[in-house]
Every structure is written in C-alpha cells, then in structure tokens.
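Remarks on the structure that follows.
The values are calculated or read from the model by the stated rules, or taken from the named source; none is laboratory data. A quick note: this is a predicted structure, and the numbers were derived from the prediction, not measured. Note: ideal-geometry Cβ built from the backbone for every residue, glycine included; neighbour counts use all protein chains shown. For accessibility, only protein heavy atoms count, side chains too; no ligands or nucleic acids. Shrake-Rupley method; radii C 1.70, N 1.55, O 1.52, S 1.80 Å.
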Amino acid sequence: MTEKENKSIDNNFKKLSIQVGLNGLSFCALDTISQKILAHESIPFKTTSTPYLLLKELKTILNENNLSNTSFKEVMVVHKNGFFSMVPKPLFNKEELPNYLKFNAKMMANDFVVFDELVNHELVNVYIPFANVNNYVFDLFGEFTFKHSGSILVSSLLNNSSQSIEPYCYVQVAEREMEIVVISEKKLLFYNYFEHKTKEDFLYYLLFTLEQLELGTENIQLRLFGQIEEGDERYQLCHTYVKNTSVFVPPHSFNIQPVDWETIDFTILSSL
C-alpha cells in the first residue's frame, strides 16, 4: 500500500468542526477511532468583526494549522450569531422563513435563510448563516454540514437533561458572549444569545431572562460553563443574586486531558 493510500485511510476517520462568529472563531479536529482530539484552537477577536474579516481570519487559521491541505471524512461548520429564531415545529412553515426573523434581525434582500430541525424536540431553528464562510469551506473540502450553534447547544442539553420539574438555567460563557438555555421536564423554556461588555451586562441579561420567565432566583438551578470558573467576577456576581449557582461540566465522551477541557468550546465538541 502506498503512502498516499495510507494517508487516505487515516483521513477516513477524521472529523473537523469549525465554529465561526463575529466575536471569534475556533476549530477542533477529532480522530473518531481513538476518540482523541488531534488539534484545536480558539481565537477571540478584540472587537466585533465583519463577515469579510471573519473569513480572512478563518483562512489564516486553517493555513497556519495545515488544515487547508488535509482531507476529512466529515466537516461541520457551526454558525454562532444572533440572527436566528427558535420556532415550535407545529408553527413552522418552510415557505415563511424570512418572516420568522424580520422582527429580531436586520435582514438584507440577498440574505440566505436556512433552518435546523432539532430532532425529537419538536423545534426548528431558523437562521442566517455566514454564506461567504460556507462557500469557502465548500471550495476547500467539498460536501460538508452546517448548523447554528444554538441548535447544537439546545439539543445537547435537552438530550442530557432529566425529567425534573425544577427548572435549570444553563449559561454558556464566552469572553463577550453568553448563551442562555432554560429547561424544565426535558422541555425548552428559553434560548437566546447575548453580547456583553461588562460583568454587570452579564448579570442584567441573566436576571432579565429569569424575570421574564417568572422564575425566582431562590429556586432556579443556575449552571455556568465555558470560559468561567468559581472565583471569577461574573461567577461571584451571579452567586450573590442566584442562590443555587454552580459551575457545570457538560458530559462528553472524548479522550481529552483536563487541562484542555476549558479551552475547547462545548458546542464544538457536541458537533463532532
């Protein structure tokens, strides 16, 4: 067997997941046989970017990590942005996609609107992907899959939730972003994405969400994960107002060293 044929066989077991957003991007490559992470990196942007500059950064990071010249069995692109609307499946009509977004996202005439169906959860996530990123990835790797970050996050948390009547509020924390998911009895009560600049902004979005859902801070179970740990200012502030606050370690099945866990986005892992 030639070296080229060996390389082709090796690549049949490799998956690549790329997450793109205007506040940063990340990637993770997985060997599906050993279940080991082969490479990963996360690049936060100092200021909110544009789709054009996002694509430029993506090209740079893929070239620097020699991924542009590597073939993969599967490639996933995860779009992380606020241009989405989570719709109950009984109310969904694929002929009306733009109408689900017109009240909560600025739309251009040429925006490409798509949707993810959250299997087994009677939900459909309608959103606008970064079309320039999708076009580039297709040119680079050929056929690939793409989803919205919220679709992956909500599905993963629902799949691992219990039948508890007591509501749980999960917050995935990034440097300037937060995603809030509220679940009760394996049903989604709320999902949204917020950008924040200060710890006070972070607390405001959390408490406002709980207030709108009429959930008291005494009873809600708050689970924080991502770029946060006990002792952080945001954690301490949350604990001051929400009694049952703790750092949450989402379940995963990959053979990663503990030192790497905090550096790999949960949504990225869940997409592999």
Nitroxide proxy distance, nm - points 7 Å out along Cα→Cβ at THR47 and ASN219: 4.6
Per residue accessible area of the chain, 1.4 Å probe, in Å²: 54
In the chain, carbon and sulfur make up what percent of the accessible area (probe 1.4 Å)? 50
Eligible lysines near LYS197 by straight Cα distance, threshold 18 Å, same-chain separation 8 or greater: LYS46, LYS80
Projecting each Cα onto the charge dipole of the chain (Lys/Arg +1, Asp/Glu -1 at the beta carbon, about the Cα centre), which of THR240, ILE33, PRO250 comes out farthest on the positive side? ILE33
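Output the peptides 146-153, 122-129, 198-205, 64-71 sorted from most to least packed, where packing is the average of other Cβ atoms within 10 Å over each peptide's residues.
146-153, 122-129, 198-205, 64-71
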Modelling each spin label as a point 7 Å along the Cα-to-Cβ direction, I'd like the LYS243/ILE33 distance in nm, to one decimal. 5.4
By how many degrees, between 0 and 90 and to the nearest 10, does the Cα long axis of helix 149-159 differ from the longest principal axis of the chain? 70
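Ordered by packing density, taken as the mean number of other Cβ atoms within 10 Å over each peptide's residues, highest first, how do 235-243, 43-51 rank?
Working: 235-243: 16.2, 43-51: 12.4.
Going from most to least packed, we get 235-243, 43-51.
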Please find the FRET efficiency linking GLU185 to LYS56, where r is the Cβ-Cβ separation and R0 is fixed at 35 Å, and quote it to the nearest 0.05. 0.20
